[in-house]
1. As an exercise: evaluate V58 against (1) outside any loop (DSSP other than H, G, I, E, B); (2) modelled with pLDDT under 85 and give the number of the one condition it does not meet.
2. Name every residue in the range 45-64 that is open to solvent by 50 Å² or more (accessible area, probe 1.4 Å) and touching a Ser or Thr at 6+ places or on another chain (Cβ under 9 Å), in order of residue number.
3. Which one is nearest to the chain's Cα centre (by Cα), of the residues in the range 20-55 that are outside any loop (DSSP other than H, G, I, E, B) and at pLDDT below 85?
4. Being outside any strand (DSSP E or B) and within 19 Å of the chain's Cα centre (by Cα) is the filter here, so list the residues in the range 61-80 that pass it.
Amino acid sequence: MNWIIVLPLGWDVFSDPFELDNLNAGHVKAGRSITFHSFGKPDLEAPADSEHARSNIVVVEAQLEIASSALAVAIPVHLRYQPPSHSGSFGQVQLPMPQVYTRLSSNDPG
């Protein structure tokens with residue numbers, strides 16, 4: 001069974017493509033494979049209110065050999081520096097809900 005997780009990220013947060021590449025090296029285990037992809041080129045140092053801040057999308061592909069296997073995936077995201085608050089309060093940054101898709105092959109039971 002294959003799972004596809006899509007996480008679109010706005011300008012307030014980003015995922016580091018280099019960090020995702022490092023994660024790809026260690027996510028192949030018996031009976032499962034997890035691959036991280038990053039689309040877009042976020043400027044890793046740009047604050048949220050900069051014209052150089054870019055959004056990116058993280059796509060996770062998980063292949064499980066056993067249909068009943070549980071799947072938990074941690075996607076590393078980083079918060080950009082936010083503009084200063086004139087009221088001295090904290091701001092909120094919303095993370096979107098990931099979109100999750102499944103793809104069954106003809107070999108999958110059920």
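The values are calculated or read from the model by the stated rules, or taken from the named source; none is laboratory data. The model shown is predicted, which means the values in this text are computed figures rather than measured ones. As a convention, Cβ positions derive from the backbone with ideal geometry for all residues, glycine included, and neighbour counts pool all protein chains shown. Protein only, heavy atoms only, side chains kept; ligands, DNA and RNA dropped before computing areas. Shrake-Rupley method; radii C 1.70, N 1.55, O 1.52, S 1.80 Å.
1. If we test V58 against (1) outside any loop (DSSP other than H, G, I, E, B); (2) modelled with pLDDT under 85, just (2) comes out false.
2. I57, E61, Q63
3. Once the filter is applied, the top-ranked residue is S33.
4. A70, L71, A72, V73, A74, I75, P76, V77, R80, listed by residue number.
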